[in-house]
1. Going through segment 53-80 one residue at a time, which ones are among the small types (G, A, S) and touching a residue at least 24 places away in the same chain (Cβ under 8 Å)?
2. I'd like the residue in segment 21-47 that is touching a residue at least 40 places away in the same chain (Cβ under 8 Å), outside any strand (DSSP E or B) and of a type in the set (A, V, I, L, M, F, W, C) and, out of all such residues, is surrounded by the most Cβ atoms within 10 Å (Cβ to Cβ).
3. Tally up the residues in segment 72-85 that are in contact with a helix residue (DSSP H, G or I) (Cβ under 8 Å, 6 or more places away or on another chain), aliphatic (A, V, I, L, M) and crowded, with 16+ Cβ neighbours inside 10 Å, please.
4. Tell me the residue from Y83, Y133, Y127, Y151 that is touching a Pro at 6+ places or on another chain (Cβ under 8 Å) and outside any helix (DSSP H, G or I), please.
5. Within segment 176-213, can you find the residues that are among the basic types (K, R), closer than 22 Å to R67 by Cβ and at pLDDT 55 or above?
6. Which of (1) in contact with a Lys or Arg (Cβ under 9 Å, 6 or more places away or on another chain); (2) in contact (Cβ under 8 Å) with a residue 24 or more places away in the chain; (3) surrounded by fewer than 19 Cβ atoms within 10 Å (Cβ to Cβ) is the odd one out, the single condition Y50 does not satisfy?
7. If only one of L102, L88 is buried (at least 20 other Cβ atoms within 10 Å of the Cβ) and assigned to a helix (DSSP H, G or I), which one is it?
8. Being surrounded by fewer than 22 Cβ atoms within 10 Å (Cβ to Cβ) and not small (G, A, S) is the filter; apply it to segment 62-71 and report the residue that is nearest to V177 (Cα to Cα).
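The values are calculated or read from the model by the stated rules, or taken from the named source; none is laboratory data. The structure displayed is predicted, hence computed values, not measured ones. A quick note on method: Cβ atoms are made from the backbone with ideal geometry, for glycine too, and the neighbour counts reach across all protein chains shown.
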Amino acid sequence: MAVSTLPAWQDKPLEEVLRLCRDVVEDPALPTVRRWREAGGKVVGHFQVYFPEEIVHAAGMLPLKIRGAPLEPLHADSRFGSYLCSILKTSLELVLSGRLVLDMFVSHPICDAARNLAAVWGRNTTYPCQILYLPQNANSAHALTYLREEYVRLQRDVEAVAGRPVRDEDLRRSLAVFNENRALLRQLYAIKRDHALAAGSGRGLRAHGHWRHDPSRRAQCPAARYAAAHRGAPCQAAGQDPRRLRRGLLRAAAA
């Protein structure tokens, strides 16, 4: 399912597009996720960091990185110890306050607090909540087998929520989509690094990495299109002065 969840960027300057991406990431109302659900899509939330979003995307659902939000944990505060971090509390607050509706939630034991997050989340919601366990010793001869079995287990649960099987061709298609998005994101960072793109644009670039809109449509963003057009040569650009290149970036975004 392809849904246009990031509207009103067409024909806008690049810096304005980056500002729009930044605003989307920082908006606790999650407007792009809401548009996805309004179009009939399902959402799988995951509490960072190493999550195979391609599996969720291959099942036709939206993978959503949950990383807290700039709001007060009025409902979630009583679910956690007072000494725990605000990221955990505000993440659950998004759900308890009705700002975010999920169909599945996955956490990772990346810290002592997150180790219990899936259990706390599950006690306060009605959809599946689980932990994805990753190999602790990446150099072990058994690490790859262990990780594959965890991914297979997760895929079965994702299929149950999606109501459809995930075929090998679905996975290959999603891997291609995400690899393309990662390549474009690296290119945008290279442009920012080498040509001082814009003050504060780093948050706008990170917005592409937080995947709050349909992964299949991210490459259509003008910032991504510019990166695609200049792949392999972000620093050359005919040896232009950075100020001239910056003006060229803005013109390209509006093209």
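1. Initially, segment 53-80 is screened for residues among the small types (G, A, S), giving 58-60, 68-69, 76, 78.
Of everything in segment 53-80, those that are among the small types (G, A, S) and touching a residue at least 24 places away in the same chain (Cβ under 8 Å) turn out to be A58, A59, G60, A69.
2. C21
3. The initial filter retains those residues of segment 72-85 that are in contact with a helix residue (DSSP H, G or I) (Cβ under 8 Å, 6 or more places away or on another chain), namely 72-77, 79-80.
Keeping just the survivors that are aliphatic (A, V, I, L, M) gives 74, 76.
Those still in the list that are crowded, with 16+ Cβ neighbours inside 10 Å too: 76.
So the count comes out to 1.
4. Numbers: Y83 fails: touching a Pro at 6+ places or on another chain (Cβ under 8 Å); Y127 fails: touching a Pro at 6+ places or on another chain (Cβ under 8 Å); Y151 fails: outside any helix (DSSP H, G or I).
None of the others qualify; the one that does is Y133.
5. Taking segment 176-213 and keeping what is among the basic types (K, R), we get 182, 186, 192-193, 203, 206, 212.
When the remaining residues are screened for being closer than 22 Å to R67 by Cβ, the result is 182, 186, 192, 203, 206, 212.
Matches in segment 176-213: R182, R186, K192.
6. (1)
7. Numbers: L102 fails: assigned to a helix (DSSP H, G or I).
None of the others qualify; the one that does is L88.
8. Looking at residues that are surrounded by fewer than 22 Cβ atoms within 10 Å (Cβ to Cβ) and not small (G, A, S), I get K65.
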